[in-house]
Amino acid sequence: MPLQLNPSSGVPLYLQLIEQIKHAIETGALRTGDQLPSVRQMAEELMINPNTVVRAYRELEHEGVIELKHGSGAFICESIAPRTKLMQKAHSVVQQAMDRLESLDLTEDEIRRLIENELGRRRSRPTKKKYTW
Amino acid sequence: MVENIIEIHNLSRCFGSKNALKDVSLSVPRGTVFGLVGENGAGKSTLIKHILGLWRAEAGQVRVFGHDPVSNPVAVLERIGYLSEQPDLPDWMRVYEYMRYMQAFYPKWDVPYAESLRAQFGVDRNARVRVLSKGQRAKLGLLGAQAHRPDLLLLDEPSSGLDPIVRNDILTAVIRTVADEGRTVFFSSHLLEEIERVSDHVAMLHQGRLVLYGPLDRIKAQHRRITLRFETPQPKAPLIPGALSVNGAGREWTVICNRQRSQIQSLTMSFGTEIVGEDAASLNEVFIAHANA
């Protein structure tokens, strides 16, 4: 795993490790169900104290980010982080669309009817189109 | 099973008129890495020799695995793996003879493991110790310290003057020791990057006294580097109560302090200065500040 820790930084190593694992999950480098290296492997790879890894893993487990299965290892939990970011993006799209509709002087009921109609139309469509933002 | 592998209480020792150690107390919990720093001559090696039972405590008490290493050397030494700067190895022996020789001292010596270390380190089994390079001698010493899987790995500035590859081997030995449940490491070093990388606890000796002692993260969090800007340029380092060290010139001066942040902040109100920067101090800065304080 390409993690970069800086022992000389003012941030404790275990916190740096937590942040980097969370970042890996947010960017999709680590996905739900992926297994993290064992404490020993992680410590040897990063050249840090195994106690530091244990502390980071325990904190991540406490936060519900990973699950420690006794005997098997550490696994990434179903994470809400990617969904939250998506929702934030979607919200801004909706806001922009609403702004433009309002500038056309439509009433709230007219806007709602438009959206319901469009949703209905898409439901009955044979293939689903995927938009990239 | 003891909770603290090493317990030192009020240890003092003089060499003639010189106070090598003054009232030193520390504990090393099982399964942790303890890093000891200090200038040359601060007393690090003297402290380690007390742990090995080479020196008897003149005042105070030393307990290793719950035993006094002076009165109970066998119980202590067979569980310790020791490596010092420029290890004292029998020059006339061949490497494989040295390995057999070490095996005789340690009931827990693991022959296949020792051989795998030798192969990994790339030390020729037939070479005489006297022809080995400095780095290879260090590796052989490390092999001897590790192969019996000691409960305590005791290292006295093991990385001094060695290339990064050997330093890596030493650090790996430290990590692997702790990764094996219940094993402990105590090492002294000048290489603060290594200390910061692997230590759970640190202590700093200065002229025989312990000036710092505690969990690494806590010590680093407590030491702050604060940059002050003065209204008028200062001709020399201003006296700032609560500061461990003051460096700079003219209007801007940088202070290293230990938990005195609020004291320094309240002082700036009266001195006509403002705080223009603040950050966690690096271990290097902490070390220098305490050494010069």
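General observations
- Distance from the Cα centroid of segment B:1-76 to that of segment A:1-65 is 35 Å (rounded to whole angstrom).
- Relative contact order (%) - segment B:170-293, alpha-carbon pairs under 8 angstrom, separation at least six: 23 percent
- Three semi-axes describe the equivalent ellipsoid of segment B:52-111; taken as square roots of 5 times the Cα gyration tensor eigenvalues and ordered largest first, they are 27, 15, 8 Å.
- Each principal axis of segment B:124-263 carries a Cα extent, and these read 70, 35, 26 Å when sorted largest first.
- Under 12 Å, Cβ to Cβ, from residue B:60 - net charge with Lys/Arg +1 and Asp/Glu -1: 0
- Mean separation of Cα contacts under 8 Å, 6 or more apart, over the residue count of chain A: relative contact order %: 21 percent
- Over the Cα atoms of segment B:176-257, the radius of gyration divided by the Kirkwood radius equals 1.14; this is the Rg/Rh ratio.
- Cβ-based net charge around residue A:43, under 12 Å, with every Lys or Arg adding one and every Asp or Glu removing one: +1
- Proximity of backbone amide H atoms, modeled 1.01 Å from N, is registered between residue A:36 and A:74, A:75, A:76 at under 5 Å, excluding neighbours fewer than 5 places apart on the same chain.
- Cβ charges +1 (Lys, Arg) and -1 (Asp, Glu), total dipole of segment B:143-291, debye: 480 debye
- Estimated Rh, the protein assembly as shown: Kirkwood, alpha-carbon pairs, angstrom: 25.7 Å
- Angle in degrees between helix A:108-123 and the longest Cα principal axis of chain A, rounded to the nearest 10: 70 degrees
- Global form of chain B, assessed from the alpha-carbon gyration tensor, a/c cut-off 1.5: prolate
- Remark: chain B carries a charge dipole of roughly 380 debye about the Cα centre, counting +1 on each Lys and Arg Cβ and -1 on each Asp and Glu Cβ.
- The helix-based estimate of mean residue ellipticity at 222 nm for chain A, built from -39,500 (n - 2.57) per DSSP H run of four or more residues and divided by its residue count, is -18000 deg cm²/dmol to the nearest 500.
- Residues whose placed amide H lies under 5 Å from that of residue B:244, excluding near-sequence neighbours: B:256, B:257, B:258
- Segment residue A:97-residue A:124, length gained on full extension (0.36 nm per residue, minus Cα span): 7.4 nm
- Put simply, the convex hull of the Cα atoms in segment B:67-167 casts, on average, a shadow of 6.3 nm².
- Inter-chain shielding of A:39-51 (mean C-beta neighbours from other protein chains, 10 Å cut-off): 5
- Charged side chains reduced to their Cβ positions (Lys and Arg at +1, Asp and Glu at -1) give the protein assembly as shown a dipole of some 580 debye around its Cα centre.
- Globularity index of segment B:225-289, i.e. its alpha-carbon radius of gyration over 2.2 N^0.38 Å: 1.01
- Where Rh is the Kirkwood radius over Cα pairs, Rg/Rh for segment B:1-159: 1.00
- Relative contact order computed over chain B (Cα-Cα under 8 Å; 6+ residues apart), in percent: 19 percent
- Rg to Rh quotient for segment B:40-80, alpha carbon positions, Kirkwood Rh: 0.98
- Under Karplus coefficients 6.51, -1.76 and 1.60, residue-wise ³J(HN,Hα) of segment B:86-93 in Hz, glycine/proline x: 6, x, 7, 10, x, 4, 7, 7
- Each part gets one Cα centre, and for segment B:90-141 versus segment B:233-293 those centres are 50 Å apart.
- Sites counted here are GluC sites (Glu not before Pro) in a DSSP loop (not H, G, I, E or B) having no more than 10 other Cβ atoms within 10 Å; the longest part of chain B that contains none of them is B:4-180.
- Kirkwood Rh, angstrom, segment B:98-150 [1 / mean 1/r, Cα pairs]: 11.1 Å
- Residue A:4 versus residue A:23: modelled label distance in nm, points set 7 Å from Cα along the beta carbon direction: 0.8 nm
- Note on segment A:1-91: along the principal axes its Cα atoms extend 43, 34, 22 Å, ordered by decreasing extent.
The numbers here are math on the coordinates, done by the rules we state, and not lab data. It should be emphasised that the depicted structure is a prediction, and the values quoted were computed from it without experimental measurement. Every residue, glycine among them, receives a Cβ derived from its backbone with ideal geometry; neighbour counts consider all protein chains shown.
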